[in-house]
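**Student:** Attaching a single structure in structure tokens format; questions to follow.
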Amino acid sequence: MKIRFLSAFFMAILLVSCSSTKNPGNDLATAVPIATQIDLTKVLNDKVPVTINPGRFTSDSVTFHLPKVVQGTYAISDFGKYIDDFKAIDYSGNVMPFNKTDTNTWTIGDAKKLDYITYYVNDTFDIEVTGGIGGDTPFSPAGTNIEPDDYLLNLHGFIGYFDSLKNNQYKLDITAPADFVRSSALKSTGSKTSADGKNITTNYLATRYFDITDNPMMYGKFSVEEFTVGDIKIVLSVYSPTKQHSAESLKDAMFKMMQAQKAFLGDINTTPRYDIFLYLSKGEYDSPKGFGALEHNTSTVVVMPEEMSKEELEESMVETVSHEFFHIVSPLSVHSEDVHYFDYNNPTFSKHLWMYEGVTEYFANLFQVNQGLISEDEFYSKMMAKIQASLLMNDSMSFTEMSENVLKDPYDKQYYNVYQKGALIGMCVDILLREESHGQRGILSLMKELSNKYGKNRPFEDDKLIDEIVEMTYPSLRTFFDDHVIGTKPIDYSEFFDKVGLEIAESQVETNYLLNNETYIINSYPEYGIVFFNEEVLNNSFWKDQGVQPNDIIKVINGTKVTLQNANEVFQDVFMWPLGKDIEVTLVRKAKEFSIKTKTTQSYTKGEGLMPNPKATDAEVKLREAWLKG
């Protein structure tokens, strides 16, 4: 999951996310597929009925769960909170007693009499406050939506599991109106139309519970486009409530991006199909608010604001989906036992978020310069932005310790750094490998070697991964991992840039309309309910050119009065303003109102920039070329 914080007091986020399954033994005499039904034609009070028939139990009691945590979110979701009217039914049709032992767990005694269970599922989108930020509801791309023409089916929010049956097959039937579009990362095994022709029941088969959680679906009224990149089939599904965007309008941008990604990856080929589910938020009170994506092994669910222009949405999708697609390398084909045998209600976490999220995020930037989608200067700016963002976090915390304890305080507050320092760790390892191999090896080739050694069905031992990497590569990586990944020593990035003929120097750097080098130019007075510009605004060229001064109160932006209650939404929009946008901002200075009407232009601030060193040697320039283009 990739996160970008906009402000400490808004807690607004633009996001990208992630996913993958200790191996319980079956204590049942039966091993039949678990028959599961979801009926979208019988929604009651915005709740969907679910029925689960596990077959005949041989044990005296059984325990049923909805997930507390799902892969890739690194946060507590508690999907059991959204279950109503839970019932256990015996073979005579009678309701059986049960004990709800915690938010996500139901225990049923006398289990030999249990025929099936049934319950209703509430969706999460309707009750979001911050889109999963701060723990109110699941992160939006991991959430669920139940509307007459729009169903986002993250199946971990609908279907639970019995402790002893996580490795059993699931036979899933979903009934929906015949005119619904159906898009699923889980392959359909057939369908049946009702006698009156109004409904269609589609059949699916999942090899185990992990495959239920790993294959999202969309049902309803939305657009779908398919295209092929190399030998991978891409299916793009787009729900746009006002039809402002469509799969067709985004297809070309996604094709160009994924074609470049496939060229970058070369012979890494781990999936014949990849699904992209894009849900666009209308921005209303019951719309999702956590923007970004949750990756699965062969698909991703993305949530973005619908109001974005086509150009803005394409740019955001490239940044977001490219990260998620690279997860086909890790964790799909390179992952630990914690990932492979994931425990949804008592999870343990790998020490190697630097690889799962950091290297993945690094690839999502490196491939763009490697394939000519962005310039070298743009790539340098992205790396400098990550350095600056990482320095706002705890730069002396062990990365492996943080990863292993990511749900606990104080480590949970450092999770955002996996997309900043984690990516920079990937960059440093890449440069070290290029240096040691005279340009012939990099971190992509290392991931290919690890993928060939392990693959999606063989997890590595978490405590042994770094030893294996060092054995496969060079002793210099041992020192780097011991100091900067396992250890607490901050990285001196200049040392690595020197190797490729780059230097960090003072310059004019691009920024946006809320930040100067990750320093916010606005603050708030909660006791007065106001938001105002601080001293940093004088170092932001756009606002300085408009005559803005420190302490100017921000009253209205583009017709919306600014309050602490709506600041999250309003300033998230400001953060995403494109160049050339018409804006009108009303400010208050010394009790007098005045307005600024203008078009947005590129804003600059003074800061450190990464640039070629004019004194670089030929060997350093050659190594840089191998790093960026090899």
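Per-residue answers, yes or no, for (1) open to solvent by 50 Å² or more (accessible area, probe 1.4 Å); (2) of a type in the set (D, E); (3) in contact with a strand residue (DSSP E or B) (Cβ under 7 Å, 6 or more places away or on another chain):
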| residue | (1), (2), (3) |
| --- | --- |
| K87 | yes, no, yes |
| G93 | yes, no, no |
| N104 | no, no, yes |
| D115 | no, yes, yes |
| I127 | yes, no, no |
| L152 | no, no, yes |
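**Student:** Tally up the residues in the stretch 323-338 that are within 12 Å of the chain's Cα centre (by Cα) and more than 15 Å from R273 (Cα to Cα), please.
**Tutor:** 1
**Student:** Follow-up question, since we're still on this one. I need the full set of residues from the stretch 236-262 which are open to solvent by less than 60 Å² (accessible area, probe 1.4 Å) and under 29 Å from I443 (Cα atoms), in order please.
**Tutor:** Of everything in the stretch 236-262, those that are open to solvent by less than 60 Å² (accessible area, probe 1.4 Å) and under 29 Å from I443 (Cα atoms) turn out to be A253, M254, M257, M258, A260, Q261, K262.
**Student:** How many residues does the stretch 160-169 hold that are at pLDDT 95 or above and under 26 Å from the mean Cα position of the chain (by Cα)?
**Tutor:** Selection size over the stretch 160-169: 2.
**Student:** Which condition breaks for D395 when tested against (1) open to solvent by 10 Å² or more (accessible area, probe 1.4 Å); (2) assigned to a helix (DSSP H, G or I)?
**Tutor:** (2)
**Student:** Shifting gears a bit: Taking the stretch 581-617 only, how many residues are open to solvent by 20 Å² or more (accessible area, probe 1.4 Å), of a type in the set (A, V, I, L, M), in contact with a strand residue (DSSP E or B) (Cβ under 7 Å, 6 or more places away or on another chain) and under 23 Å from D552 (Cα atoms)?
**Tutor:** Total satisfying the criteria: 1.
**Student:** Would you mind stating whether Y419 is open to solvent by less than 10 Å² (accessible area, probe 1.4 Å), at pLDDT 95 or above and under 16 Å from the mean Cα position of the chain (by Cα)?
**Tutor:** Spelling it out, Y419 is indeed open to solvent by less than 10 Å² (accessible area, probe 1.4 Å), at pLDDT 95 or above and under 16 Å from the mean Cα position of the chain (by Cα).
**Student:** Spot the failing condition for D338; the list is (1) part of a loop (DSSP other than H, G, I, E, B); (2) over 27 Å from F291 (Cβ atoms); (3) not aliphatic (A, V, I, L, M), and only one is missed.
**Tutor:** (1)
**Student:** Sort out which residues of the stretch 497-516 are aliphatic (A, V, I, L, M) and not in a loop (DSSP other than H, G, I, E, B), and write them in order of number.
**Tutor:** L502, I504, A505, V509, L515
**Student:** For the stretch 255-275, what are the residues that are outside any helix (DSSP H, G or I) and farther than 13 Å from T228 by Cα?
**Tutor:** Residues satisfying the conditions are G266, D267, I268, N269, T270.
**Student:** Criterion first (touching a strand residue (DSSP E or B) at 6+ places or on another chain (Cβ under 7 Å), under 27 Å from T271 (Cα atoms) and assigned to a helix (DSSP H, G or I)) does F325 satisfy it? Full working, then the answer.
**Tutor:** Numbers: touching a strand residue (DSSP E or B) at 6+ places or on another chain (Cβ under 7 Å): yes; under 27 Å from T271 (Cα atoms): yes; assigned to a helix (DSSP H, G or I): yes.
When the stated conditions are applied, F325 passes them.
**Student:** May I pose another question? Which residues, taken from the stretch 559-580, are at pLDDT below 95, surrounded by 14 or more Cβ atoms within 10 Å (Cβ to Cβ) and either touching a Leu at 6+ places or on another chain (Cβ under 9 Å) or outside any helix (DSSP H, G or I) (or both)?
**Tutor:** Matches in the stretch 559-580: L564, N568, F571, Q572, V574, F575, M576, W577.
**Student:** Hey, among Y209, Y204, which residue is within 22 Å of E295 (Cα to Cα) and touching a Leu at 6+ places or on another chain (Cβ under 6 Å)?
**Tutor:** Y204
The values are calculated or read from the model by the stated rules, or taken from the named source; none is laboratory data. Here the structure is a predicted model, which is why all the values come from computation and not from measurement. Reconstructed Cβ throughout: ideal geometry from the backbone, glycine too, with neighbour counts over all protein chains shown. Quick note on the areas: whole protein, heavy atoms, side chains included, nothing else; ligands and nucleic acids left out. Shrake-Rupley method; radii C 1.70, N 1.55, O 1.52, S 1.80 Å.
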